[in-house]
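Student: First the structure, which I've put down as structure tokens, then a few questions once you've had a look.
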Amino acid sequence: MELLEKILAQHSFLKDLEKKYLQLMVGCASNVRFDAGTFIYREREDANHFYILRAGKVALEIHNGGCEAITIETLAAGDVLGWAWLVPPYRWHADAHVLEMTRAIALDGKCLRDKCRDDHHLGYELMMRIVPLITHQLQATQLQLMDVYGVRK
Amino acid sequence: MEKNETRPCTLSAEKEIVAVARKDFPALFDSLWANGFRILGPTLGEGAIVYDELHGVDDLPSGWTDEQDGATYRLKKRSDEALFGYNVGPHAWKKFLFPPKLRLWRAEASNNGLNIIEEKQTEQKFALIGVKACELKAILIQDQVFLGGEYADPIYQNRRKDALLIAVNCTQAGKTCFCVSMNAGPRVESGFDLCLTEVLAEDAHYFIVEIGSEQGAGIMANVPHSNQTQGAEKAIQAIATNTAQQMGRVMDTENIQALLQDNFEHSRWDDVASRCLTCANCTMACPTCFCSTVEDVTDITGDHAERWRQWDSCFTMDFTYMNHGHARASAKSRYRQWMTHKLSTWFDQFGTSGCVGCGRCITWCPVAIDITEEVSAIRANQTGGKPASSSL
Amino acid sequence: MYTVFENRQGTAVPESLPNPLLPVPYRVLQNKRNTHDVFTLDVEPVNGGNFPHFLPGQFNMLYFFGKGDAAISISGDPTTEQPFRHTIRRAGVVTQALEKLKPGGVLGIRGPFGVPWPVKEAEGQDVLLVAGGIGLAPLRPAMYTLLANRDNYRKISLFHGARTPEDLLYVTELEQWRSRLDLQVWVSVDAATRNWMGDVGVVTKLIAKASFDPLNVVALICGPEIMMRFTIQELEKIQIKSDKIFLSMERNMKCAVGFCGHCQYGPHFLCKEGPVFRYDQVQSLLGKREV
């Protein structure tokens, strides 16, 4: 547990979080490991966790029904994977495909969102950390959509 | 200008002044021809006073003047026989130094692949006669553009190096004139080989001639003249003062460089864009506008290609065409570019204004857009770069 | 106003080109395909003359017989004797014609022109090179120069973003560079299928992950204007100063020597004051539309 707390406290995602909340996060955290080729989650599954990646590489994929899948983003050590656990209806909207063996700290989003409901200050703290992630990803997606390297006619 | 060592127009500290009677004026033309110059100057044509080759003093617009205002130009008879008693017409001298259209080179497909054949430059020397102060300033500005940088434009350089500049002091200003605001006139100060001041008094018609270079002095050696010029300086000054008082337009140039760059989003740009036809008349008439484009052509055999250069305008859509679109697609952005360049970014590029206050852009704009009025409107309601909010 | 350039390497003025408007004939040695719409032309002077010296980031005007000119950055190695090398994306009439040139074919060249990347000034510092799409072509000569003088620089990081893995330029070279221990090479594509094992996402995202000293780094950026703006935002987040960021701009070019007026960007002539600008020179213009 002490190790988990140390790792979480040092991660930029939880930087400067009050000690009592940090301990609460530690209570919701567990070390996980995913082998290459497996899926951490799949589209439309219930989103009850999110992950702070410590090593490895994960691709967010959207498939077209066949075996072909388009990778829209890759995530690696230091990245935070998943925010669907915080937003109703709490379902994943992409596949998280493990490209290289990945170690992560899983956080129980279901447990956290119940606690946020009871303690809005915790809710605020988490929102202020999740929203920048979402914004950043939205901006990146906008840039990808613009297809800036393509020839525009 | 240090690079342009071939320019003949060096002003000696002690300017020599002589006087030439009207009856002896043709001798000036003879002297120019004798020295191998083609004489280019004002003449009647196209319903205006234009610049063309002169074959004699009779080609000058003797007794004619012009009346100008926004989108208006009319020739009018004078009550005297003045040779240079007009303002400026639709032509600028740049048409001789920076030709509107010319072939830069030819290319032949050969066994060896490709032969590029440089176009032979004209070897004829020009004498430009009748260059007004604002126009002389415009020539000096284009010197900066074509000769002042790392590279020299070989066509301009060839035409300019032997050009003899015979300036004329303006004796009257028109309704679109504002050279005083631009510090470009009305008196010719420097940069000339000869400078004429036409004096018409009762029973007298003569020219005061200021000699600005050795070459100018050489030309004058063969022209009958008098050295009795007491009071000439005073007379020139009086004419200049009188002309300065007639300026039809005024432009407040204080801090204008920052004014336009700081008001990039001013609502006035939309206003002027709603009137501007993007016809490019202003840029063609402007004596300092220097933009050009090239056209590559081949003949029907495909073995012979040419590159032609011609005047271009920042008002045309294709001016900023890139493969992924036009940088300045709207009329607003193109007018803004032209005016901001002329009055503001020109300072960044060449250390001077790009405007000499000749008024051609006002006269020859079909919808009478007035650059001085546009500046006033922006100055009157400054937005600091933000869009002006509309008042209720 | 332009004193910034006094400390930088001067523009190479080819003495063999007295008339800058006149192309010199060059022969194609090789025309190599890079991607479906990008190819690389190696050329040498037809008349056996010397190659004009060029500096990283400079460009040439390539003339195809009867069609016209295209401004193309030089993408070869300025540190060794080798043919002029241009990596070109097919876009307009001229580049479409150039694409069809075979070895032995002839074209005209004017140049080199323009202000180079500040590789000399970057000595003693970390260097970031951020290349979007074809933007790697003008940065490659800078990379060669850095590597030829590797000891003069601290950490060197190259970021290359492309549309898809098939659009990546110089893949073999990227692999070689990536295998070096004295370089960080990050490659990312906007979208990929599962065959691609590399990163997916915008190239700007990778910058935060690289290791360099934000207080002692020079960033060289070349790519589409939007991508460069986003890259600058990332660099500003980590407090890189605007006078440490350099970018290569694009505008319509005709004469390449400041006479024709087409490439004006605010007060600047891109052809002679650029294409490489220090960010603070163009900072106020970059956010504006239709400059």
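The values are calculated or read from the model by the stated rules, or taken from the named source; none is laboratory data. Model, not experiment: these values are computed from the prediction. Cβ atoms come from the backbone with ideal geometry, glycine included; neighbour counts cover every protein chain shown.
Student: Just wondering, is there one or more residues in segment C:82-95 that are at pLDDT below 95, within 18 Å of the chain's Cα centre (by Cα), on the phi < 0 side of the Ramachandran plot and buried (at least 19 other Cβ atoms within 10 Å of the Cβ)?
Tutor: Yes, the conditions are met somewhere in segment C:82-95.
Student: Find the helices (runs of 4 or more DSSP H) located wholly in segment B:274-392 whose residues include 2 or more that are without any contact (Cβ under 8 Å) to a residue 60 or more places away in the chain and out of contact with any Ser or Thr (no Cβ under 9 Å at 6 or more places or on another chain), and list them.
Tutor: Here the list reads B:371-380.
Student: Could you check how many residues of segment B:317-340 are of a type in the set (V, I, T) and more than 15 Å from C:R251 (Cβ to Cβ)?
Tutor: Of the residues in segment B:317-340, the ones of a type in the set (V, I, T) are B:320, B:340.
Applying the additional criterion that residues be more than 15 Å from C:R251 (Cβ to Cβ) yields B:340.
Here the count works out to 1.
Student: Right, here's the next one. When the residues of segment C:5-28 are filtered to those that are more than 13 Å from every other protein chain (Cβ to nearest Cβ) and surrounded by 13 or more Cβ atoms within 10 Å (Cβ to Cβ), which remaining residue is modelled with the highest pLDDT?
Tutor: For segment C:5-28, the residue satisfying everything is C:Q9.
Student: Right, something else. Please work out which residue is surrounded by the most Cβ atoms within 10 Å (Cβ to Cβ), limiting yourself to segment A:26-67 and to residues that are in contact with a helix residue (DSSP H, G or I) (Cβ under 6 Å, 6 or more places away or on another chain) and more than 19 Å from A:L99 (Cα to Cα).
Tutor: This residue is A:H49.
Student: May I pose another question? Counting only residues that are farther than 27 Å from B:R360 by Cα, give me the strands (runs of 3 or more DSSP E) lying completely in segment B:102-212 with at least 3 of them.
Tutor: Working: elements: B:113-118, B:125-131, B:164-168, B:194-201, B:204-211.
In segment B:102-212, the matching strands (runs of 3 or more DSSP E) lie at B:113-118, B:204-211.
Student: Kindly indicate whether any position in segment B:289-297 is of a type outside the set (V, I, T), more than 9 Å from chain C (Cβ to nearest Cβ) and at negative phi.
Tutor: No, that holds for no residue.
Student: Here's another thing I want to ask about it. Report the residue count in segment A:44-99 for those that are part of a loop (DSSP other than H, G, I, E, B), within 13 Å of chain C (Cβ to nearest Cβ) and under 12 Å from the mean Cα position of the chain (by Cα). Show your work before the answer.
Tutor: First, pick out the residues of segment A:44-99 that are part of a loop (DSSP other than H, G, I, E, B): A:44-45, A:47-48, A:64-68, A:77-79, A:82-83, A:87-90, A:92-94.
Restricting the remaining residues to those that are within 13 Å of chain C (Cβ to nearest Cβ) gives A:64, A:66-68, A:77-79, A:94.
Now drop any that are not under 12 Å from the mean Cα position of the chain (by Cα), which leaves A:77-79, A:94.
Of the residues in that region, 4 qualify.
Student: Quick one: which of A:D108, A:D147, A:D95, A:D79 is of a type in the set (D, E, K, R), closer than 28 Å to C:V130 by Cβ and crowded, with 18+ Cβ neighbours inside 10 Å? Steps first, please.
Tutor: Details: A:D108 fails: closer than 28 Å to C:V130 by Cβ; A:D147 fails: crowded, with 18+ Cβ neighbours inside 10 Å; A:D95 fails: closer than 28 Å to C:V130 by Cβ.
The conditions single out A:D79.
Student: Further question on the same structure: Using beta carbons and a limit of 8 Å, which pairs, at least six apart or on different chains, have the first residue in segment B:113-130 and without any contact (Cβ under 8 Å) to a residue 24 or more places away in the chain and the second one of a type in the set (V, I, T)?
Tutor: B:G113/C:V46; B:G113/C:V106; B:L114/C:V46; B:L114/C:V106; B:I116/C:V24
Student: Can you give me the number of residues within segment B:22-38 that are touching a Lys or Arg at 6+ places or on another chain (Cβ under 8 Å) and charged (D, E, K, R)?
Tutor: The qualifying residues number 1.
Student: Only one of (1) in a loop (DSSP other than H, G, I, E, B); (2) away from chain A (no Cβ under 14 Å) is not met by C:L169, so which one is it?
Tutor: (2)
Student: Identify all residues within segment B:131-159 that are within 14 Å of chain C (Cβ to nearest Cβ), touching a residue at least 24 places away in the same chain (Cβ under 8 Å) and either of a type in the set (G, A, S) or touching a Gly at 6+ places or on another chain (Cβ under 7 Å) (or both); write none if there are none.
Tutor: B:I141, B:G148, B:A152 - these are the residues of segment B:131-159 that are within 14 Å of chain C (Cβ to nearest Cβ), touching a residue at least 24 places away in the same chain (Cβ under 8 Å) and either of a type in the set (G, A, S) or touching a Gly at 6+ places or on another chain (Cβ under 7 Å) (or both).
Student: State all residues of segment C:72-113 that are of a type in the set (A, V, I, L, M, F, W, C), more than 10 Å from chain B (Cβ to nearest Cβ) and closer than 23 Å to B:H324 by Cα; if no residue qualifies, say none. Step through it out loud before you land on a result.
Tutor: So the first thing to find is which residues in segment C:72-113 are of a type in the set (A, V, I, L, M, F, W, C), and the list is C:72, C:74, C:84, C:88, C:91, C:93-94, C:97-98, C:101, C:106-107, C:109, C:113.
When the remaining residues are screened for being more than 10 Å from chain B (Cβ to nearest Cβ), the result is C:72, C:74, C:84, C:88, C:97-98, C:101, C:109.
Listed by number, the residues that qualify are C:I72, C:I74, C:I88, C:A97, C:L98.
Student: May I ask you to list the residues in segment C:172-191 that are outside any strand (DSSP E or B), at the interface with chain A (Cβ under 10 Å from one of its Cβ atoms) and under 27 Å from C:F277 (Cβ atoms)? Steps first, please.
Tutor: Here is the first cut: in segment C:172-191, the ones outside any strand (DSSP E or B) are C:172-183, C:190-191.
Narrowing the set further to residues that are at the interface with chain A (Cβ under 10 Å from one of its Cβ atoms) leaves C:190-191.
The one that is outside any strand (DSSP E or B), at the interface with chain A (Cβ under 10 Å from one of its Cβ atoms) and under 27 Å from C:F277 (Cβ atoms): C:D190.
Student: Something else: Being among the charged types (D, E, K, R), under 19 Å from the mean Cα position of the chain (by Cα) and either assigned to a loop (DSSP other than H, G, I, E, B) or in the same structural domain as C:A256 (by TED's automatic domain parsing) (or both) narrows it down to one of C:R154, C:R140, so name that one.
Tutor: Numbers: C:R154 fails: under 19 Å from the mean Cα position of the chain (by Cα).
From the options C:R154, C:R140, the qualifying one is C:R140.
Student: Name every residue in segment B:35-75 that is within 21 Å of B:A167 (Cβ to Cβ) and of a type in the set (G, A, S), in order of residue number.
Tutor: B:G36, B:G41, B:A48, B:G56, B:S62
Student: When residues of segment C:214-273 are filtered for being out of contact with any Lys or Arg (no Cβ under 8 Å at 6 or more places or on another chain), free of Cβ contacts under 8 Å to residues at least 24 places away in the same chain and on the phi > 0 side of the Ramachandran plot, how many remain?
Tutor: Final tally of qualifying residues: 1.
For every residue, the table says whether it meets (1) within 11 Å of another protein chain (Cβ to nearest Cβ); (2) buried (at least 22 other Cβ atoms within 10 Å of the Cβ); (3) closer than 22 Å to C:R289 by Cα.
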{"position": "B:L343", "(1), (2), (3)": "no, yes, yes"}
{"position": "B:V356", "(1), (2), (3)": "no, yes, no"}
{"position": "B:G359", "(1), (2), (3)": "no, yes, no"}
{"position": "B:C365", "(1), (2), (3)": "no, no, no"}
{"position": "B:A368", "(1), (2), (3)": "no, no, no"}
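Student: Hey, among the residues in segment C:240-255 that are more than 15 Å from the chain's Cα centre (by Cα) and at the interface with chain B (Cβ under 9 Å from one of its Cβ atoms), which one's surrounded by the most Cβ atoms within 10 Å (Cβ to Cβ)?
Tutor: We begin by selecting, within segment C:240-255, every residue more than 15 Å from the chain's Cα centre (by Cα); these are C:240-244, C:252-255.
After this cut, where a residue has to be at the interface with chain B (Cβ under 9 Å from one of its Cβ atoms) as well, the list is C:252, C:254-255.
Working: C:N252: 19, C:K254: 22, C:C255: 27.
Within segment C:240-255, the match that is surrounded by the most Cβ atoms within 10 Å (Cβ to Cβ) is C:C255.
Student: OK, next. Residues to consider are C:L101, C:L128; find the one that is crowded, with 24+ Cβ neighbours inside 10 Å and either aliphatic (A, V, I, L, M) or out of contact with any helix residue (DSSP H, G or I) (no Cβ under 9 Å at 6 or more places or on another chain) (or both). Give the derivation first.
Tutor: On the way: C:L101 fails: crowded, with 24+ Cβ neighbours inside 10 Å.
Answer to the selection: C:L128.
Student: Shifting gears a bit: Test of understanding: among A:L133, A:L138, A:L112, A:L145, which residue is modelled with pLDDT under 95, assigned to a helix (DSSP H, G or I) and away from every other protein chain (no Cβ under 14 Å)? Explain how you work it out, then say what you get.
Tutor: Values: A:L133 fails: away from every other protein chain (no Cβ under 14 Å); A:L138 fails: away from every other protein chain (no Cβ under 14 Å); A:L145 fails: away from every other protein chain (no Cβ under 14 Å).
Only one candidate passes the filter, namely A:L112.
Student: Next question. Quick one: B:G45 ticks every box in (1) away from chain C (no Cβ under 14 Å); (2) under 30 Å from C:V28 (Cα atoms) except a single one, so which number is it?
Tutor: (2)
Student: Sticking with this structure for a sec: Of everything in segment C:192-221, what is assigned to a loop (DSSP other than H, G, I, E, B), within 14 Å of chain A (Cβ to nearest Cβ) and more than 14 Å from C:G132 (Cα to Cα)? Give them in sequence order.
Tutor: C:T193, C:R194, C:N195, C:W196, C:M197, C:G198, C:A208, C:K209, C:A210, C:S211
Student: Now for a different question. Kindly indicate the residue of segment B:111-124 that is surrounded by fewer than 17 Cβ atoms within 10 Å (Cβ to Cβ) and more than 9 Å from every other protein chain (Cβ to nearest Cβ) and also modelled with the highest pLDDT among those meeting that condition. Please lay out each step first, then the result.
Tutor: As a first pass, look at segment B:111-124 and keep what is surrounded by fewer than 17 Cβ atoms within 10 Å (Cβ to Cβ): B:111-112, B:115, B:117-118, B:120-124.
Now drop any that are not more than 9 Å from every other protein chain (Cβ to nearest Cβ), which leaves B:111, B:117, B:120-124.
Numbers: B:N111: 72, B:I117: 94, B:K120: 90, B:Q121: 86, B:T122: 81, B:E123: 81, B:Q124: 89.
Filtering first and then ranking leaves B:I117.
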